[in-house]
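Input: one structure, supplied below.
What follows is calculated from the coordinates using simple rules that are stated; it is not laboratory data. Please read these numbers as outputs of a predicted model, since none were measured by experiment. Note: ideal-geometry Cβ built from the backbone for every residue, glycine included; neighbour counts use all protein chains shown.
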Amino acid sequence: MARTRATGTKTTRRTSAPERDPGANRDSSTSDDEEKEDDPEDLETDAAGDYPPIELLERNEVTNFYRYTLGFSPRAARSLYLDQGLHDSSRIIKIGTHETVDKLCKIVGKATKTVISLQAQQNLAMLVYYFKHLERTSRAVPILTNVFLSDIEALDHHRTVEEERAKTHRDPDPTSVTLDGTSAAKAFNQMRQILTNMRGVSKVPLAYVIRTRILPPDSGGQTPNLPYGYVDSPYASHEDEMIQRAPILAENREEWHNLRNLETLEDTGARHLTFNADNRTVFQVLFSYWGRNPAWTNVRSFTRQTDGRAAYRALYRYFFGTNSVQTQTKSVLSNLSSFKYDECRKNFTFETYVLKHIEQHNLHNELVEHGADPLNEDMKIHYFQSGITNRDFDSVKNAVLATPENFQTFDRVKDQFMSFHRNRPTSDGPVRTRAIASIRGRGGRGPRHPYPRRDGGVPPQIAVDRCTHIQDRTYTKAEYDKLSAAEKQRLYQIRKEKNTRNDSSGRPRSRDNRSISSAMTDQSSSRKTDQSTPRKRSATEDSDSYNTDDNASLFGNTDQDIKTDKRAKNRANARQET
């Protein structure tokens, strides 16, 4: 059946070709004669008999592409064109993922009763990925029959890397980050790194959402920038190319690239569908990291739209306006001039001094991206040498002054000073530093002391004077425990004053070292003192009896003598004997 060019009606053509089994399996190695017999419609012509129809020519070109470029059999190639409707590039882009390609090949193989080779299946999957990559990098998708197998295979490695990354990569858990005038440059740089490592709907790094230019570098038409992999390509990697070229607007008109100010497109340009989804994701990421900072109040108006790009740009203008960048630049220069090194001290060595300078250089480089003037190498060297006041480094300074052509960068000067520092004798460092643990005291009651710390100290005298209800009487333990510290101190002072008045000598007793806890709740202490007095006297008498005779025996002559001595000392026995 064929449609004529003049009338558009279907005509039937009889052929003398022998009938063939429709289920016969054929591969790409079929000869030309067999291909003609297998596909008799290729010989159809129009009513005049001059040329075949245009639709037939297009079909033959596409099926030949499937056969000779991708490696499908003639029956499978016709099925892809006729049954599956894969006529051009726009329909191949809609196939989807690699799993969809596998299902498609199974359907075609079952319908045509042919076995589709693994190579043909992989080539079709790479073709789909190739077209999708061109679309996500804002490049014109070529005609299907103009694609070469070498173009497809150039992205095979990157496709494998993306598939493996999707299996193992996990986005980090968001944590709150400080965002203020001091840490703004560092925070924005960190956010760009976070979004670069995250992927959007089309596997593009989310950092493209916050890029400065809303349009890609070119329209992707006549002479676009060469893709990554070519010699003169301006991109450092596939990720860098996608970040700079991923579509933000739904259209990429060529006349828009002639505009000097693209700010009007930020408000009026229609957004790409993929960008809208990625833009909401970026807003959630920004809120997770920066939402708790006071500066977030500047972007609360974008919460309802969840516009991540607008929120990022608003915060950027707030921290990196003209005046803000100048203020931060002055702060960096002030820090560089304030760093001083005289000798190695605890937690500040020469390495620390060098790292502080490098940190400020990196911070200034981040400000350069936001409009600050670059810091030349001479100024870096000047700040570095001016801060070193140790006379041991004078020889290095003289060497730098003698041969300035050898020390034109900060890294060369820094390496020279570091080499001298490592080789010089350390006379000012470890000798003067002493660990705190080497200074031993008398064992204070610190948190690691084996005995617990005493509760509180002496309360103020004003609080003690207010406790007028405290009387000098006997308190039980329960009553004493209920007293406050001021009440206990009041009781202690009353008893101390009483004891001072009752002292016959007229001199106050020395009780300065007596604590509050030593005030007894009853008179048991005095009773214990009275009972201890006779014990001390008896012990004195016993000691005097031992010194009566130096020549006497240490032990009694008999056991009876020992019993007699014990009975004599027993007062009860003495009274009974009397």
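Per 10 Å bin, what is the whole-percent P(r) computed from every C-alpha pair distance within the stretch 184-278?
Each 10 Å bin holds this share of Cα pairs: 15, 43, 36, 6, 0.
List the chymotrypsin sites (Phe, Trp or Tyr not before Pro) within the stretch 338-381 that DSSP assigns to loop and that have no more than 13 neighbouring Cβ atoms inside 10 Å. Working shown, then result.
Values: sites: Phe339, Tyr341, Phe348, Phe350, Tyr353; in loops: Phe339.
Sparse-neighbourhood loop chymotrypsin sites (Phe, Trp or Tyr not before Pro): none present.
Check Leu483: other-chain or 5+ apart residues with amide H under 5 Å from its amide H, H built from backbone geometry?
none
Placing unit charges on C-beta atoms (Lys and Arg positive, Asp and Glu negative, everything else neutral), compute the dipole magnitude of the stretch 459-502 about its Cα centre in debye, rounded to 20. Show your work: numbers first, answer last.
Values: 10 positive and 6 negative charges, 27 e Å.
In debye, rounded to 20, the stretch 459-502 gives about 140.
What is the Cα radius of gyration of the stretch 324-423 over 2.2 N^0.38 Å, N being its residue count?
1.11
For Ile388, which sequence-distant residues (separation of 5 or more, or a different chain) have an amide H within less than 5 Å of its own amide H, given hydrogens modelled in the peptide plane?
Here the answer is Tyr341, since their amide H atoms fall under 5 Å of that of Ile388.
Of Leu206, Leu215, how do they rank once you tally other Cβ atoms within 10 Å and put the fewest first?
Numbers: Leu206 24, Leu215 21.
Ordered from fewest to most neighbouring Cβ atoms within 10 Å, Leu206, Leu215 come out as Leu215, Leu206.
Using DSSP to call loops (not H, G, I, E or B), can you name the chymotrypsin sites (Phe, Trp or Tyr not before Pro) in the stretch 94-200 whose Cβ has at most 13 other Cβ atoms within 10 angstrom? Please report the intermediate quantities before stating the final value.
Details: sites: Tyr129, Tyr130, Phe131, Phe148, Phe188; in loops: Phe148.
Listed in order of number, the matching sites are Phe148.
Between Arg304 and Ser331, how many nm apart are label points set 7 Å from Cα along the C-beta direction?
Result for the modelled spin labels: 3.4 nm.
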